[in-house]
Amino acid sequence: MQSRDNASFRVQRWKQIKKDWILYLMLLPTILYFCIFRVWPILNMRLAFYDYKAKAAWSFAGMKYFKIIFSTPAFFDILKNTLIISFMKYVLLFPFFVLFALLLTELRSYSFRKYVQVISYLPHFLSWVVIAGIWLSFLAPSNQGGLNEIRGFFGLEPVDLLTSKKAIRWILMICEGWRSLGWDSIIYFTTIIGIDASLTEAAKIDGANRKDIIFYVVLPELLVPMTTMFILNLGFFMSAGFDQVYNFSNAAVNSSIDILDTYINRIGIENAQYSIGTAISLLKGTVGVILVYITHIISKKMTGKGVW
């Protein structure tokens with residue numbers, strides 16, 4: 001009986017696939033992308049344990065390249081830069097996305113709210129090359145830069161923040177916030193507008209003001225999506241954003257913003273030390289998975305919900 005049900009289910013499934021074949025065809029480029037650039041690299045992560053040879057069989061090297069990585073003093077400085085920049089981008093910025101969503105819902109003018117949403121979403125669709133160009137022009141050390149023009153208007157001396165080791169990390173954080181503020185707040189905004197109106201009406205009848213509604217009605221509803229997004233962001237904690245850092249790098253600040261991804265690019269691609277680059281990538285991915293899993297377990301115990 002069960003085998004008949006399974007056979008019937010398979011027949012119905014294939015009928016549905018044939019019916020929606022155009023949708024699956026549209027999905028094919030995405031599947032190919034992930035297979036080529038996500039799955040295939042995982043299969044070749046074994047290069048971290050082998051000596052790479054272009055025209056000969058790879059020879060097993062064991063933990064040789066991991067020992068080289070941890071014996072390199074520069075690696076720990078780069079790791080520190082990665083953790084600091086990731087903390088600023090994924091932890092310090094995190095509350096601002098929720099706050100922006102709350103502020104959007106407080107706008108009474110529907111047309112003005114849509115205008116603010118569209119404007120805030122636009123930077124997300126720009127490449128980091130374009131975004132870096134905008135900010136490099138604005139922060140240019142000469143008087144032609146927007147920031148120094150404003151400072152000059154108030155009689156202040158021009159500053160060169162792009163070559164300041166103390167300022168460059170904050171610039172990366174602000175640029176990331178400018179790019180992601182609107183887009184990353186979408187999930188929180190949709191959660192807020194999806195809250196049952198009867199809950200807020202009941203709270204108002206009980207004498208709750210707007211502040212009470214936010215703290216006791218809205219924020220509890222946001223807890224699950226906030227937790228989920230935070231856990232997913234931890235998966236990128238060891239990345240810190242190669243595209244952004246690469247475009248803002250210069251000789252004066254490299255020691256402050258040189259991260260694992262730029263190190264992998266320099267060692268693995270530019271210097272053709274593929275095994276070392278793969279070993280660092282494997283470390284990155286492993287730590288990311290561990291962070292996501294640990295945070296998922298903690299979230300399940302504290303809130304009863306996690307990523308899965």
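Bear in mind these aren't lab numbers, they're just calculated from the coordinates by the rules spelled out. Quick caveat: nothing in here was measured; it's all calculated off a predicted structure. FYI the Cβ positions are ideal-geometry reconstructions off the backbone, even for glycines, and counts take in every protein chain you see.
For this structure, a couple of remarks:
- For the pair residue 297 and residue 154, the difference between a 0.36 nm per residue extended length and the Cα-Cα distance amounts to 46.2 nm.
- Per-peptide average of other Cβ atoms within 10 Å, ordering 112-122, 217-227 highest first: 217-227, 112-122
- Shape of the range 116-159, Cα gyration tensor, a/c cut at 1.5: oblate
- Using the Karplus relation 6.51 cos²θ - 1.76 cosθ + 1.60 with θ = phi - 60°, the per-residue 3J(HN,Hα) values for the range 59-76 come to 9, 5, 10, x, 8, 3, 6, 5, 5, 5, 4, 6, 8, 8, x, 5, 4, 6 Hz, with x marking Gly and Pro.
- Burial ranking of peptide ranges 187-199, 31-43, 55-67 (average Cβ count within 10 Å, highest at the top): 187-199, 55-67, 31-43
- Cα gyration tensor category, rounded, prolate or oblate, for the chain with a/c compared to 1.5: oblate
- One decimal place: the segment residue 255-residue 119 gains 45.5 nm when fully extended, by the rule 0.36 nm per residue minus the C-alpha distance.
- Charge dipole (Cα centre; +1 on Lys/Arg Cβ, -1 on Asp/Glu Cβ; no other charges) of the range 1-86 amounts to roughly 360 debye.
- Residue-by-residue Karplus 3J(HN,Hα) for the range 203-211, coefficients 6.51, -1.76, 1.60, Hz, glycine and proline x: 5, 5, 5, 7, x, 6, 8, 5, 5
- Summary of packing: across the peptides 73-79, 9-15, 200-206, the per-residue average of other C-beta atoms within 10 Å ranks them, highest first, as 73-79, 200-206, 9-15.
- What you get for the range 1-50, charging only the Cβ of Lys and Arg (+1) and of Asp and Glu (-1), is a dipole of about 160 debye around the Cα centre.
- Taking θ as phi - 60° and the Karplus parameters 6.51, -1.76 and 1.60, the scalar couplings of the range 142-156 work out to 6, 5, 7, x, x, 4, 6, 5, 5, 5, x, 4, 9, x, 9 Hz in sequence order, x denoting glycine and proline.
- Extension gain (nm, one decimal) between residue 27 and residue 208, 0.36 nm per residue minus Cα-Cα: 60.4 nm
- Relative contact order [Cα under 8 Å, 6+ residues apart], the chain, whole percent: 25 percent
- Cα-Cα over 25 Å, subset of 89/204; 55/284; 64/284; 114/300: 89/204; 55/284; 114/300
- By the count of neighbouring beta-carbon atoms within 10 Å, fewest first, 124, 296 end up ordered 124, 296.
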